[in-house]
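**Student:** Quick one: this structure, given as structure tokens, is what I'll be asking you about.
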Amino acid sequence: MADGKAKKMWALPGAELTAPASLLMHGGDASLLQLPCPSFLIEHPKGLVLFDSGCNPKIIDDAAGYWGEVAQALPIKWSKSDTLDKQIAGVGYKASDVKYVILSHSHLDHSGGLTYFPKATFIVGANELQYAYWPDPDRRWAFILNDFLPTRAYNWLEFDQDLDLFGDGALKFLYTPGHTPGECSLLVNLSNRKFLLTGDTVHLRAAITQEATMGIDTDPIQSVKSIRRVKAIRDMHGATVWITHDPDDWKEHPHLVE
Ligand SMILES: [Zn+2]
């Protein structure tokens, strides 16, 4: 039962943020990087699955109003023609076709599009939602309460362990906490290759090599364990790691995988 396959995976572009490498990993330098904030749409015979939802489109017109001070620190490039609903329409689906939304974690550059999917089932790591509502004060800037308030009545499922989403090995939710309390990754088994989507379990290629944490990880020791777990699963499954914000991963990997 472990040889199920996802049919297609699209990497859908979202906002592009500018930030120094030093924000993304300990030991990173001051060089500025253009960071993709993609969502991944995955077609499986039992339903359409979305991994992450990018930034809230309200930042296109009023980043400072919606994000507050952090908008100044993270310059944004994004256009109204590239919002998540339009990206999904561009590949032939509607947002209402999405059956499951897996949220890697609740930071502002991942959870901004939740309200496109009011009828979906949401899957998240344990304790993530509680933390999104009441983060530690020095990390509060990275969470936007208004991304979550409209979703309180949604169907949320929390897991504190791995989950084989359809029971066939095609999509494996991997519990990889540390960056946040419920950070997760997703292993996607397609016909010809496997991708391990890390979310923010790790932020740059150099950080996976060096097993480097970043400044706002809630539990850095657990972060290192999760990075090692990602590397072990990558090697055991022959998977390609796709780090959400890594500009080289975004350039190198195909945006449609069949
Ligand atoms: Zn994050």
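**Student:** Compute the FRET efficiency between Ala64 and Ala2 as 1/(1 + (r/R0)^6), taking r as their Cβ-Cβ distance and R0 = 45 Å, and round to the nearest 0.05. Kindly include the intermediate steps, with their values, before the conclusion.
**Tutor:** Values: r = 48 Å, r/R0 = 1.08.
Calculated value: 0.40.
**Student:** At R0 = 25 Å, how high is the FRET efficiency between Ala89 and Leu149 if r is their beta carbon distance? Nearest 0.05 is fine.
**Tutor:** Working: r = 26 Å, r/R0 = 1.04.
Once the sixth-power term is evaluated, E becomes 0.45.
**Student:** Hey, another quick one. Between Lys251 and Ser31, what is the spin-label point distance in nm, taking each point 7 Å from the Cα along the Cα→C-beta axis?
**Tutor:** 1.0
**Student:** Tally up the carbon and sulfur contribution to the accessible surface of the stretch 8-253 as a whole percent, 1.4 Å probe, everything protein left in place. Could you put the intermediate results ahead of the total?
**Tutor:** Working: 5220 of 10120 Å².
Roughly 52 percent of what the probe reaches on the stretch 8-253 is carbon or sulfur.
**Student:** Still on this structure: With the contact rule set at Cα under 8 Å and sequence spacing of 6 or more, what percent relative contact order holds for the chain?
**Tutor:** Details: 597 pairs, mean separation 54.6, N = 258.
It rounds to 21 percent for the chain.
**Student:** At 222 nm, what value in deg cm²/dmol follows for the chain if DSSP H runs of at least 4 each add -39500 (n - 2.57) and the sum is divided by all its residues, to the nearest 500?
**Tutor:** Working: 9 runs with 65 residues, N = 258.
Helices in the chain give a 222 nm mean residue ellipticity of -6500 deg cm²/dmol.
**Student:** Can you tell me the accessible area per residue over the stretch 8-253, all protein chains present, probe 1.4 angstrom, in square angstrom? Mind showing how you got there, number by number?
**Tutor:** Working: 10120 Å² over 246 residues.
Normalised by residue count, the accessible surface of the stretch 8-253 is 41 Å².
**Student:** Follow-up question, since we're still on this one. Distance between the C-alpha centers of the stretch 101-121 and the stretch 210-245? Whole Å please.
**Tutor:** Each part's Cα centre sits 22 Å from the other's.
**Student:** Oh, and also: Taking only the Cα atoms of the stretch 177-219, how large is their convex hull per residue, in Å³? Could you put the intermediate results ahead of the total?
**Tutor:** Details: hull volume 2.8 nm³, N = 43.
Convex hull of Cα atoms, per residue: 65 Å³.
**Student:** Oh, and also: Give the cross-link partners of Lys99 among the aspartates and glutamates, using a straight C-alpha distance below 12 Å as the criterion and excluding same-chain residues fewer than 8 apart.
**Tutor:** Cα-Cα hits under 12 Å: Glu43.
**Student:** Taking the convex hull of the Cα atoms, report for the stretch 1-118 its projected area averaged over all directions, in nm².
**Tutor:** Values: hull surface 35.8 nm².
The Cα convex hull of the stretch 1-118, projected and averaged over all directions, gives 8.9 nm².
**Student:** Counting only Cα atoms, I'd like the Rg/Rh figure for the chain, Kirkwood definition for Rh.
**Tutor:** Numbers: Rg = 16.7 Å, Rh = 18.0 Å.
My calculation puts Rg/Rh at 0.92.
The values are calculated or read from the model by the stated rules, or taken from the named source; none is laboratory data. All values derive from a computational prediction rather than experimental measurement. Note: ideal-geometry Cβ built from the backbone for every residue, glycine included; neighbour counts use all protein chains shown. Please note that ligands, DNA and RNA were not included when accessible areas were found on the heavy atoms of the full protein model with its side chains. Shrake-Rupley method; radii C 1.70, N 1.55, O 1.52, S 1.80 Å.
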